[in-house]
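Note sheet for the following structure.
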């Protein structure tokens, strides 16, 4: 009889100034079979001890007295490259510090509990997303890379772009949009799996990177015109819907356990734009976007996914490839160069 080999539980360090929070999180993760190597109360202790512990994953609070999460990440990244997931409150200070921590080298973030997000929801996010990141690093996948699937994808005759991402997406999107020399001439619609309270600030962050206005789709459902080539981020907790000449946010059931769902937006894009939409699927766990990418590809659209070497988690891109819906599998740099050509031809919606 053959026994299937199972991955050992990840070794985790929790960094948070609240002893109650550390206890609650340790209890729940231990109950799920994870191994907690240390719980640390400050950024100073994190910097001093994490390189010696060498955990598979660090869960770090963004806002702490003394050395905060951003400064701790920046200091750690001078000599330690392991995965760090920030734990962030959905308030102005927490959101701002989250983006700073990602700029400093953190790999992703998870929203802390509040009146709309129970503690157990956060724990489930850690088990799924944090577990995927830890597994990738332990398997030797690394946090960055190159490599590409050979092939040429057209760059002309598009009327819109839809980009989807999940785990690792905020950093990937920042890299994707940075360095463009020209302004978009067609709409860019971004579906990033993100909870309410973060997407407006995320849109502002991307606007600064792109040096072009980026707008959160109004959460109240107000239609947003696609004339003038806007760049739109789906509002957290709402699906991004598309119609002739406009987009809007809409409440609804979760698809694949997420809202906003890339499949919902791509289903609309296939109907509205057909072959004239360019689809990009970046890093993320799960298979959201595979069905929608297939629907767009069947209409003649172009579909490009982030490569296994580049993606922090190759779940969403891999699901598109497995479904046979991808025209190319490229690292972020190559996707960025291609996408700049797609969106800067002299076209109008």
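The values are calculated or read from the model by the stated rules, or taken from the named source; none is laboratory data. None of the values given here were measured: they were computed from a predicted structure. When we count neighbours, we look across all protein chains shown, and the Cβ atoms used for this are built from the backbone with ideal geometry, even at glycine.
Some observations on this one:
- Residue in region 69-81 that is farthest from residue 198 (Cα to Cα), counting only those that are surrounded by fewer than 20 Cβ atoms within 10 Å (Cβ to Cβ) and in contact with a helix residue (DSSP H, G or I) (Cβ under 7 Å, 6 or more places away or on another chain): 79
- Checked across region 296-307, the condition of being buried (at least 22 other Cβ atoms within 10 Å of the Cβ), touching a residue at least 60 places away in the same chain (Cβ under 8 Å) and within 16 Å of residue 156 (Cβ to Cβ) holds for at least one residue.
- Residue list for region 13-33, restricted to those being buried (at least 16 other Cβ atoms within 10 Å of the Cβ), touching a residue at least 60 places away in the same chain (Cβ under 8 Å) and outside any helix (DSSP H, G or I): 16
- Filtered residues of region 145-166 (kept if more than 16 Å from residue 330 (Cβ to Cβ) and modelled with pLDDT under 95): 156, 157
- Neighbours by Cβ (under 9 Å, 6+ apart or cross-chain): first from region 174-186, free of Cβ contacts under 8 Å to residues at least 60 places away in the same chain; second surrounded by fewer than 20 Cβ atoms within 10 Å (Cβ to Cβ): none
- Listed by first and then second residue, the pairs linking a residue in region 218-235 that is at positive phi to a residue that is outside any strand (DSSP E or B), with Cβ atoms under 6 Å apart and 6 or more places separating them unless they lie on different chains, are 229/184; 229/185; 229/186; 229/187.
- Residues of region 173-184 classified as modelled with pLDDT of 95 or more and either over 20 Å from residue 307 (Cβ atoms) or not assigned by TED's automatic domain parsing to the domain that holds residue 247 (or both), total: 0
- Exactly one residue among 104, 48, 89 is surrounded by fewer than 23 Cβ atoms within 10 Å (Cβ to Cβ) and more than 18 Å from the chain's Cα centre (by Cα), and that residue is 48.
- Only listed residue being in contact (Cβ under 8 Å) with a residue 24 or more places away in the chain and part of a strand (DSSP E or B), chosen from 58, 47: 58
- For region 74-105, the candidate set comprises residues that are at pLDDT 90 or above and touching a strand residue (DSSP E or B) at 6+ places or on another chain (Cβ under 6 Å); within that set, the residue that is nearest to residue 312 (Cα to Cα) is 83.
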